[in-house]
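So the structure is just underneath, and the comments pick up after that.
The values are calculated or read from the model by the stated rules, or taken from the named source; none is laboratory data. Values in this document were obtained by computation on a predicted structure and should not be read as measured data. So basically every Cβ, Gly included, is an ideal-geometry build from the backbone, and we count neighbours across all protein chains shown. With ligands, DNA and RNA removed, areas are computed over all heavy atoms of the protein, side chains included. Shrake-Rupley method; radii C 1.70, N 1.55, O 1.52, S 1.80 Å.
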Amino acid sequence: MGNKKTTVFVLDDEKSVQESMRMILKDKYQVFTFNRPEEVLTDLSLEPDLIFTDIRMFSMSGLEFLEKIKKMKPQVEVVMITAYPDFSSSLQALRSGAFDYIVKPFGKNQVLETAERALQKRNQVIESTRMIRDLREAINLNYEATTRALVLAVDAKDSYTAEHSRRTSGLLLKIGKRIGIPHSKLIACKRAAELHDIGKIGVEESILRKKGPLTTFEFEKIKQHPVIGYQILRPTAFFGEGLDIVLYHHERNDGTGYPEGLKGKKIPFVARLFAIIDSYDAMRSERCYRGKLSFRETIEEIMREKGRQFESSVVDLVVPHFLKFEKDGDLYRLIETTKE
Ligand SMILES: [Fe+2]
């Protein structure tokens, strides 16, 4: 395991300890010795893999040093050198993340064997960290490909879904950032928004594509899509609070929405917010049964529905951002240029 590229620091205020450690370790590792902990903490450019440190030093205890170095370089392994078997501080060191301790006077084999074990553990940690990172990446890539496949599956039945999903989730991300929705919650919501109409997969194509007015029976079928979508997505861990968007995006402030007919602030905030974004994009798009509205007409319609379809406080919160984005030419670009 030892090779010249592996770097070991020895930190001890006794020169004799530094020298005997150097003699033991120098054939296998690149060794640097230090008198004071500050020298190590202020310059880690030599990239230590393993540090042997005295547990009792003048300016800072070995335990304090251990805590600091672990904060700065969590993957560096630390072995404490104790002058006598001071069990309580050795134990505390182990609890604080030290790999092991050796007791002075130490033998050559003990030092070499401890170094080897410490470095082995370090390599294992590095390897598993890398594996976790690769797995995360693979999961994310798979997630995106799967999402795309699901959206396209709905799109095949209801051809307006893919573009609408992309634009509304993009708008939610933009506006959510501006109104201070925490990042991790916003990502979950954005993911849910991309799939908010996934439940249409469970509604007959003839109903989704029908040009004329829907019968009560047909509308009852359409009204099931939020619940179907919720049931599809709920078992996965990707959506968190975003599931509220899927389930409640057709609720209305006045309680006439579906599936539950919730009223006002009983409707979760992200769903109240997304309902406005969803309608905004619908009004701004060409549909087979009507032409698209202008930005101005759309905002006027949203204002008219304030307190009826849309909850008032969310309208007041987001309309200024719509106006600002539109003024900067930002919203327009987002809506018009997202075709792939
Ligand atoms: Fe929907």
May I ask which residue of T298, V270, P320 lies farthest towards the positive end of the charge dipole of the chain, with charges of +1 (Lys, Arg) and -1 (Asp, Glu) on Cβ and the Cα centre as origin?
T298
How would D254, D12 line up by accessible area, probe 1.4 Å, largest first?
D254, D12
Within straight cross-link reach of K265, meaning Cα distance under 17 Å, which aspartates and glutamates are found once same-chain residues fewer than 8 apart are removed?
E241, D244, E251, D254, E305, E311, D316
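DSSP loop GluC sites (Glu not before Pro) in the range 170-233 with at most 13 other Cβ atoms within 10 Å of their Cβ, which ones?
Sparse-neighbourhood loop GluC sites (Glu not before Pro): E204.
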One point scatterer per Cα, no solvent, Debye formula: log10 I(q)/I(0) for the range 42-188 at q = 0.09, 0.14, 0.22 Å⁻¹ comes out as -0.54, -0.78, -1.34
Over all viewing directions the Cα convex hull of the range 125-280 casts an average projected area in nm² of 10.5
In the structure shown, do any of K266/K306; K185/K223; K266/K324; K185/K266; K221/K306 have a Cα-Cα gap over 24 Å, and if so which?
K185/K223; K266/K324; K221/K306
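Please state the charge dipole magnitude for the chain, taken about the Cα centre, from unit charges on C-beta atoms (+1 on K and R, -1 on D and E), reported in debye and rounded to the nearest 20. Don't skip to the end; give the middle numbers.
Values: 55 positive and 50 negative charges, 132 e Å.
It comes to approximately 640 debye.
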Return the lysines within reach of K104: Cα separation strictly under 22 angstrom, same-chain partners fewer than 8 residues apart disregarded; answer none if there are no such residues.
K15, K26, K28
Volume per residue, Å³, of the convex hull around the alpha-carbon atoms of the chain?
196
Give, rounded to the nearest 20 debye, the magnitude of the charge dipole that the range 268-316 has about its Cα centre when Lys and Arg contribute +1 at Cβ and Asp and Glu contribute -1 at Cβ.
120
Loop chymotrypsin sites (Phe, Trp or Tyr not before Pro), the range 5-106 (other Cβ atoms within 10 Å of the site Cβ: 10 or fewer; DSSP):
F58
